[in-house]
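S.K.: Here it is, the structure in full.
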Amino acid sequence: FSPTTAERNAALETIGVLADFYAQSTRSIEALFALPGVSAEVFPLYADIQKAERQAVATTNTIISQVRNGDTAAVDTLWSQAKPHYVEWLAAINRLIDFKEKHIQDTNQSAMDESSGFLRVMFTALTLALIMSACVAWTVARSIVRQLGAEPNALAEVARHVALGDLKSVDGLARAQT
């Protein structure tokens, strides 16, 4: 209980600001609950929050009325009654937070499991692609050598001898290759 009227008015103004903030937060959370896919388990938790809120706000409004009337004894009595309501209100909010946190952790674990499986599939596909690429490269190289009739180095040697006009050694090289 504030000793001066100015302190009481400041405290009452703070309570009003907090009440407005909570009302705005309530509208935001209710908009979230209106979205499709909200778990049915959330609604009883939210109902507990609303019940605790109603009790705490009713007691607080009675306290505010008593403060304005200057009844300090009633304020002390009501405050001792209001405190458990606020404790319950916070506990109800924490139960909802804990539920949502567990839901998020479960969802994250599920996503991690799926991504782990995807990673295995991708590594398997990469390994298969590398093996297939190596097989294709080997097959193409082998086909080219067959079409040329000899190894590319041997053919380059023959071409060098022909360019120098040495056809005798070309005949010997060609026979050695076949």
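The values are calculated or read from the model by the stated rules, or taken from the named source; none is laboratory data. From a predicted model like this one, the values you see are computed outputs, not experimental measurements. When we count neighbours, we look across all protein chains shown, and the Cβ atoms used for this are built from the backbone with ideal geometry, even at glycine. Remember, those area values only see protein heavy atoms, side chains included, never the ligands or the DNA or RNA. Shrake-Rupley method; radii C 1.70, N 1.55, O 1.52, S 1.80 Å.
S.K.: Can you give me the C-alpha center-to-center distance between segment 8-79 and segment 127-158, rounded to a whole angstrom?
M.R.: 80
S.K.: OK, next. Volume per residue, Å³, of the convex hull around the alpha-carbon atoms of the chain?
M.R.: So the per-residue hull volume is 238 Å³.
S.K.: Next question, about the same structure. By how many degrees, 0 to 90 and rounded to 10, does the Cα axis of helix 42-69 deviate from the longest principal axis of the chain?
M.R.: Its long axis makes an angle of about 40 degrees.
S.K.: Taking the 0 to 90 degree range and rounding to the nearest ten, how far is the long axis of helix 72-148 tilted relative to the main principal axis of the chain, both from C-alpha atoms?
M.R.: Orientation of helix 72-148: about 10 degrees from the principal axis.
S.K.: Sticking with this structure for a sec: Please calculate how many Å² of accessible area segment 24-122 carries per residue, with a 1.4 Å probe and no DNA, RNA or ligand atoms counted.
M.R.: Per residue, segment 24-122 has 69 Å² of solvent-accessible surface.
S.K.: Okay, moving on. Plugging the Kirkwood radius over Cα pairs into Stokes-Einstein for segment 50-147, at a temperature of 10 °C and a viscosity of 1.306 mPa s, what D comes out in µm²/s?
M.R.: 81
S.K.: Moving to a separate point now. If I take every Cα pair under 8 Å that is 6 or more residues apart in the chain, average their sequence separation and divide by the length, what percent do I get for the relative contact order?
M.R.: 17 percent.
S.K.: Expressed as a rounded percentage, what relative contact order does segment 26-125 have, with Cα pairs under 8 Å and six or more residues apart?
M.R.: About 31 percent, as a whole number.
S.K.: Turning to a different aspect of this structure: Return the carbon/sulfur percentage of the accessible area of the chain, one whole number, probe 1.4 Å, all protein chains in place.
M.R.: Carbon and sulfur together cover 64 percent of it.
S.K.: Still on this structure, please answer the following. I'd like the FRET efficiency for Ala34 and Glu101, computed as 1/(1 + (r/R0)^6) with the beta carbon distance as r and R0 of 22 Å, rounded to 0.05.
M.R.: 0.55
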